[in-house]
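Q: Take this structure, written in structure tokens, and hold onto it; I'll ask about it next.
Readers should treat all values here as calculations from the given coordinates under stated rules, not as data from a laboratory. Because the structure is a prediction, the values reported are computed rather than measured. Heads up, the Cβs are rebuilt from the backbone with ideal geometry, glycines too, and the neighbour counts pull from every protein chain shown.
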Amino acid sequence: MEKDAKIYVAGHRGLVGSAIVRNLEAQGFRNLVFRTHAELDLTDYRKVGAFFQNESIDYVFLAAAKVGGIMANSSYPAEFIKENLMIETHVIDWSYKTGVKKLLFLGSTCIYPKFAEQPIKETELLNGQLEATNEAYAIAKITGIKMCQSYNAQYGTHYISVMPTNLYGPNDNYDYMTSHVLPALVRKFYEAKMNHDPYVVVWGTGRPKREFLHSDDLADACIYLMNHYDGNEIVNIGVGKELTIRELAEKVKEVIGYTGDIHFDSSKPDGTPRKIVDVTKLHALGWKANISLDQGLKRTYQDFLNTLSKVGN
Ligand code: GDP
């Protein structure tokens, strides 16, 4: 990408989109374009068309999506499949119609089959049954990947798709009921420290293993691949390292400086025992994660404190 190229980041306020914007700005890209949800409804085909025709966009990072946790996904599957299909169709089709040079589509490792072999290789996609609770979301995201590949095949476009592992970073969701484990633990240990609670409750047995990628690393990988990868096949983005939920809880406890105990509530679900992606292809393409979990947790704690001070707590 040329430094003055016009780059549209769809979903610039989210965990992924905001990280891509920070990274592009830090690298000196000066011609970025964004629209908030209120300014441009990506489910409106005509408005998306007018936007693309007016702006003459060179590169697109498609990080806009309707996302949510297990409860949201299983309660509103119609909205998840409809909105995601519309966003993808409109952005990809207008990118093609207005001659966008290259587009990067954000998939997710949660759209791999439920019983995919670990570490998950890119070839596992569509190799088995999906997880029932997010099937509608997964089908929509898989369709986005297939759209990119189909446009490349029929129209000679350059649309690439990536599969990020579990993410964390600034603008994360800290809500107890809908957040993922890492932000949930940051909040739980912080509140326990402030309230001098004797222990913190961590869900499940603590034995499941997970991999965590900082959103700034993901953004760096996306921009790297935009510049250096032009293949039709999807690319996993992860760190290639995993740890147990117990080990994660110990690390969060230490970063926050909490001195009480950790209790595991095994009446809560563990979920899948292991979830890690194979990053052989990403490494072969020349990119590796930079932010260690220890560094990332420190940054996340700082971000969490900043979030609190902004809302005046
Ligand atoms: P998953 O990776 O899709 O299973 O999603 P999560 O990030 O929500 O959960 C990962 C693991 O962390 C599961 O084994 C949870 O039981 C465990 N966990 C422990 N404490 C918490 C918590 O406070 N919130 C969440 N979301 N998960 C927790």
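Q: Just to be sure before I move on: is Phe212 within 25 Å of Gly107 (Cα to Cα) and aromatic (Phe, Trp, Tyr) in the structure I sent? Steps first, please.
A: Details: within 25 Å of Gly107 (Cα to Cα): yes; aromatic (Phe, Trp, Tyr): yes.
When the stated conditions are applied, Phe212 passes them.
Q: For residues that are of a type in the set (D, E, K, R) and assigned to a helix (DSSP H, G or I), tally how many sit in region 167-200. Step through it out loud before you land on a result.
A: Going through region 167-200, the residues of a type in the set (D, E, K, R) turn out to be 172, 175, 187-188, 191, 193, 197.
Of the ones still in play, those that are also assigned to a helix (DSSP H, G or I) are 187-188, 191, 193.
The qualifying residues number 4.
Q: Does Ile145 satisfy the criteria of being more than 10 Å from the ligand (Cβ to nearest atom), buried (at least 22 other Cβ atoms within 10 Å of the Cβ) and assigned to a helix (DSSP H, G or I)?
A: On the way: more than 10 Å from the ligand (Cβ to nearest atom): yes; buried (at least 22 other Cβ atoms within 10 Å of the Cβ): yes; assigned to a helix (DSSP H, G or I): yes.
Taking the combined requirement at face value, the residue satisfies it.
Q: Is it true that Met86 is among the hydrophobic types (A, V, I, L, M, F, W, C), surrounded by fewer than 16 Cβ atoms within 10 Å (Cβ to Cβ) and in contact (Cβ under 8 Å) with a residue 12 or more places away in the chain? It would help to see each step written out before you state the result.
A: Working: among the hydrophobic types (A, V, I, L, M, F, W, C): yes; surrounded by fewer than 16 Cβ atoms within 10 Å (Cβ to Cβ): no; in contact (Cβ under 8 Å) with a residue 12 or more places away in the chain: yes.
The answer is no for Met86.
Q: Taking region 265-285, which residues are within 9 Å of the ligand (Cβ to nearest atom) and surrounded by 18 or more Cβ atoms within 10 Å (Cβ to Cβ)? Spell out the reasoning first.
A: Applying the first criterion (within 9 Å of the ligand (Cβ to nearest atom)) to region 265-285 yields 265, 268-273, 275.
Within region 265-285, just Lys275 meets the criteria.
Q: Does any residue of region 12-30 turn out to be surrounded by 15 or more Cβ atoms within 10 Å (Cβ to Cβ) and over 19 Å from the mean Cα position of the chain (by Cα)?
A: Within region 12-30 (the criterion being surrounded by 15 or more Cβ atoms within 10 Å (Cβ to Cβ) and over 19 Å from the mean Cα position of the chain (by Cα)), the answer is yes, since at least one residue qualifies.
Residues are listed down the side, and each one gets a yes or a no for (1) surrounded by fewer than 16 Cβ atoms within 10 Å (Cβ to Cβ); (2) within 11 Å of the ligand (Cβ to nearest atom); (3) assigned to a helix (DSSP H, G or I); (4) in contact (Cβ under 8 Å) with a residue 12 or more places away in the chain:
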| position | (1), (2), (3), (4) |
| --- | --- |
| Gly206 | no, yes, no, yes |
| Asp220 | no, no, yes, yes |
| Ile223 | no, no, yes, yes |
| Asn227 | yes, no, yes, yes |
| Asn232 | yes, no, no, yes |
| Asn236 | no, no, no, yes |
| Gly240 | no, no, no, yes |
| Glu250 | yes, no, yes, yes |
| Val255 | no, no, yes, yes |
